[in-house]
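K.L.:
Structure provided below as structure tokens; questions to follow.
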Amino acid sequence: MPDPFARRRRRLAETVRGQGVSDPRVLQAVADVPRHRFVPGAVLRRAYEDAALPIGFGQTISQPSIQALYLQVLEIGAGDRVLEVGTGSGYQTALLAALSANVYSVERIPQLAVRARQALDELGHRNVALLTGDGTVGWSRYAPYDAILVAAAAPDVPHALVDQLAPGGRLLIPLGDQHTQTLTLVRRTAEGVTEREPVIACVFVPLIGRFGWPE
Ligand code: SAM
């Protein structure tokens, strides 16, 4: 049966390209992953807008062009093991699942984790493991990771996440106060040194946890 959303997805991928994302693998993932399966019914008709949308519990599914930028900057490769902090709706998790070998994703709000699990299972993603808990401490069981994506804003880089990066690994995280942040790329060199590089100004919900903001 033809997918009635396929055209809107292709148009979204074009919009994302217009916002400066040029990696063909990332654009293909945006054109393939059905974002409408990850948004609540109340905002279903807006699923393919390049906009952040509410997903309940005071949280949002992020703007697709920013999510795609994350994937491009992190240079997610087909063989990568990726840790995601802040599963939210599970949409970014699905994009990661399409681009990498294994995705490990942590969400602190149990109801969101349950919903994301259901959507990811329905779409047949078998390379995703989800954990409900505080992602600021990472997920040591499956470390080290080639890439770590933090989808919420922190006052500083949680050291536990840097510790779980493989040599040559990349971590992308919004750093700043609770109103505005700078998306910041952290690289761990082969010698174990970390380097930071600002990417773009952004606004994210807070990362709440032991190495983030207090509850
Ligand atoms: N990328 C997600 C998507 O595609 O829907 C959106 C993520 S949303 C902007 C940020 C998420 O981070 C929220 O679901 C929030 O509950 C979660 N979060 C905040 N602090 C967290 C923590 N310490 N550990 C895990 N998740 C956390």
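K.L.:
With respect to A119, determine if the residue is touching a residue at least 24 places away in the same chain (Cβ under 8 Å), within 22 Å of R187 (Cβ to Cβ) and not charged (D, E, K, R).
P.N.:
The answer is no for A119.
K.L.:
Filter the range 96-122 down to the residues that are assigned to a helix (DSSP H, G or I) and among the polar types (S, T, N, Q), then identify the one that is nearest to the ligand (Cβ to nearest atom).
P.N.:
The initial filter retains those residues of the range 96-122 that are assigned to a helix (DSSP H, G or I), namely 96-99, 110-122.
Then drop every residue that is not among the polar types (S, T, N, Q), which leaves 111, 118.
On the way: Q111: 10, Q118: 14 Å.
In this case the residue turns out to be Q111.
K.L.:
Quick one: in the range 9-30, of everything that is basic (K, R) and buried (at least 17 other Cβ atoms within 10 Å of the Cβ), which residue is nearest to Y48 (Cα to Cα)?
P.N.:
R9
K.L.:
Please specify each residue of the range 176-204 satisfying the condition of being within 14 Å of the ligand (Cβ to nearest atom), buried (at least 18 other Cβ atoms within 10 Å of the Cβ) and among the aliphatic types (A, V, I, L, M).
P.N.:
Hit for the range 176-204 is L183, nothing else.
K.L.:
Mind checking which residues of the range 123-148 are more than 13 Å from the ligand (Cβ to nearest atom) and not in a loop (DSSP other than H, G, I, E, B)?
P.N.:
A129, S140, R141, Y142, Y145, D146, A147
K.L.:
Look at the range 29-54 and say how many of its residues are without any contact (Cβ under 8 Å) to a residue 60 or more places away in the chain and either hydrophobic (A, V, I, L, M, F, W, C) or closer than 26 Å to V199 by Cα (or both).
P.N.:
First, pick out the residues of the range 29-54 that are without any contact (Cβ under 8 Å) to a residue 60 or more places away in the chain: 31, 35-36, 39-54.
Adding the requirement that they be either hydrophobic (A, V, I, L, M, F, W, C) or closer than 26 Å to V199 by Cα (or both) leaves 31, 35, 39, 42-44, 47-54.
Going through the range 29-54 one residue at a time, the tally reaches 14.
Okay, residues lined up against (1) touching a Ser or Thr at 6+ places or on another chain (Cβ under 8 Å); (2) within 22 Å of Y142 (Cβ to Cβ); (3) crowded, with 23+ Cβ neighbours inside 10 Å; (4) of a type outside the set (V, I, T):
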{"site": "A42", "(1), (2), (3), (4)": "no, no, no, yes"}
{"site": "L53", "(1), (2), (3), (4)": "yes, no, no, yes"}
{"site": "G58", "(1), (2), (3), (4)": "no, no, no, yes"}
{"site": "L71", "(1), (2), (3), (4)": "no, yes, yes, yes"}
{"site": "Q92", "(1), (2), (3), (4)": "yes, yes, yes, yes"}
{"site": "V103", "(1), (2), (3), (4)": "yes, yes, yes, no"}
{"site": "R115", "(1), (2), (3), (4)": "yes, no, no, yes"}
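K.L.:
Name the residue that is nearest to A98 (Cα to Cα), counting only residues in the range 54-77 that are near the ligand (Cβ under 10 Å from one of its atoms) and of a type in the set (G, A, S).
P.N.:
By that ranking, first place goes to S62.
K.L.:
If you don't mind, another one. As an exercise: evaluate A51 against (1) near the ligand (Cβ under 9 Å from one of its atoms); (2) among the small types (G, A, S); (3) not in a helix (DSSP H, G or I) and give the number of the one condition it does not meet.
P.N.:
Unmet for A51, out of (1) near the ligand (Cβ under 9 Å from one of its atoms); (2) among the small types (G, A, S); (3) not in a helix (DSSP H, G or I): (1).
K.L.:
If you go through the range 149-164 one residue at a time, do you hit one that is more than 16 Å from the ligand (Cβ to nearest atom) and within 18 Å of the chain's Cα centre (by Cα)?
P.N.:
no
This table checks each residue for (1) part of a loop (DSSP other than H, G, I, E, B); (2) at pLDDT 95 or above; (3) farther than 21 Å from R108 by Cβ.
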| residue | (1), (2), (3) |
| --- | --- |
| V157 | yes, yes, no |
| V162 | no, yes, no |
| P167 | no, no, yes |
| L172 | no, yes, no |
| H179 | yes, no, no |
| T182 | no, yes, yes |
| A190 | yes, no, yes |
| R196 | no, yes, yes |
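The values are calculated or read from the model by the stated rules, or taken from the named source; none is laboratory data. Just so you know, these numbers come straight off a predicted model, no measurement behind them. Ideal geometry is used to build each Cβ from the backbone, glycine not excepted, and the neighbour counts take in all protein chains shown.
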